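S.K.: Structure provided below as structure tokens; questions to follow.
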Amino acid sequence: MRQLKIDLSELDMAFDSYGEMISNYLDLETGEVISVSDEERRTLESIYESYYDEQSETVDWESAFEKEHVPDWQREQLQNADRVEAGFGDRFISIPSEGSHEGYRDMEAFIAAVRNRRLQERLERAISGRGAFRYSKDVLLDYPAERERWFQFKRERLRQRILDWLEAHEITPLE
């Protein structure tokens, strides 16, 4: 197993992101989490088309940034996206985004563990349609202790999925 210093809170955020417009990657050398948006990927492709030198296999970043009017805040992000593109599969691996299905399963498991029958019934009704996440949170507002228990329950399940994912990639996290 490879030992890697990883900020698990960054992995928490990457796993818990539901957006389809951002992809997250783990740097297998540094343990850093790198996020690449679809917009950055499109800009990067445009830069490759115009500024990639096949002889040296490099990009003339300064020319690209000036001619394409890339703002300062986006320059480092584009170079990170380029690093991911160049090292995908060797140095970088894709971090799965869980999506709402895992969150829904967490809610079902939590509801099954609720001892208060009235609360359990209210939560079951809350998740039986559209807006399940919002409605369940609304129900839990009336039960502050159970609400806190829910957040702890959710954090623990997410953390376990992250640790399982790291183990599947033969990585032992060092915090």
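The values are calculated or read from the model by the stated rules, or taken from the named source; none is laboratory data. All values derive from a computational prediction rather than experimental measurement. Counting neighbours? That spans all protein chains shown, and the Cβs are built from the backbone with ideal geometry, glycine included. Surface accessibility is based on the protein's heavy atoms, side chains included, excluding ligands, DNA and RNA. Shrake-Rupley method; radii C 1.70, N 1.55, O 1.52, S 1.80 Å.
S.K.: Could you let me know the centre-to-centre spacing of the range 160-175 and the range 89-136, using Cα atoms, in angstrom?
M.R.: Here the answer is 22 Å between Cα centres.
S.K.: Run the accessible area of the range 1-133 with a 1.4 Å probe and give the carbon-and-sulfur part as a rounded percent.
M.R.: Here carbon and sulfur together make up 44 percent of the probe-accessible area.
S.K.: What is the dipole size for the chain, taken about its Cα centre, with +1 at each Lys and Arg Cβ and -1 at each Asp and Glu Cβ, in debye to the nearest 20?
M.R.: 1820 debye
S.K.: On to the next question. Name the residue farthest towards the positive end of the dipole of the range 1-128 from the options L28, A14, L119, assuming +1 on Cβ of Lys and Arg, -1 on Cβ of Asp and Glu, about the Cα centre.
M.R.: Of the candidates, L119 comes out farthest on the positive side.
S.K.: Another question about this same structure. Anyone know which of G89, G103, G31 comes out most mobile in the 10 Å Cα GNM of the chain?
M.R.: Answer for the Gaussian network model of the chain: G89.
S.K.: Sticking with this structure for a sec: Could you give the angle, 0 to 90 degrees to the nearest 10, between helix 72-87's Cα long axis and the longest principal axis of the Cα atoms of the chain?
M.R.: 90 degrees
S.K.: Related question: Could you pull out the longest piece of the chain with no exposed loop trypsin sites (Lys or Arg not before Pro) in it, calling a site exposed if DSSP puts it outside H, G, I, E, B and it has at most 13 other Cβ atoms within 10 Å?
M.R.: For trypsin sites (Lys or Arg not before Pro) (loop position, at most 13 other Cβ atoms within 10 Å), the longest site-free span of the chain is 1-114.
S.K.: Considering Cα pairs under 8 angstrom that are at least six residues apart, work out the relative contact order of the range 37-87 and quote it in whole percent.
M.R.: 38 percent
S.K.: For the chain, with every protein chain kept in place, what is the accessible area per residue (1.4 Å probe, Å²)?
M.R.: It amounts to 63 Å² per residue over the chain.
S.K.: Follow-up question, since we're still on this one. Taking only Cα atoms and a 10 Å spring cutoff, compute GNM fluctuations for the chain and point out the largest among I127, I95, I22.
M.R.: Taking springs between Cα atoms under 10 Å, the residue moving most is I127.
S.K.: Next question, about the same structure. At 1.002 mPa s and 20 °C, plugging the Kirkwood radius over alpha-carbon pairs of the chain into Stokes-Einstein gives what diffusion coefficient in µm²/s?
M.R.: D = 113 µm²/s.
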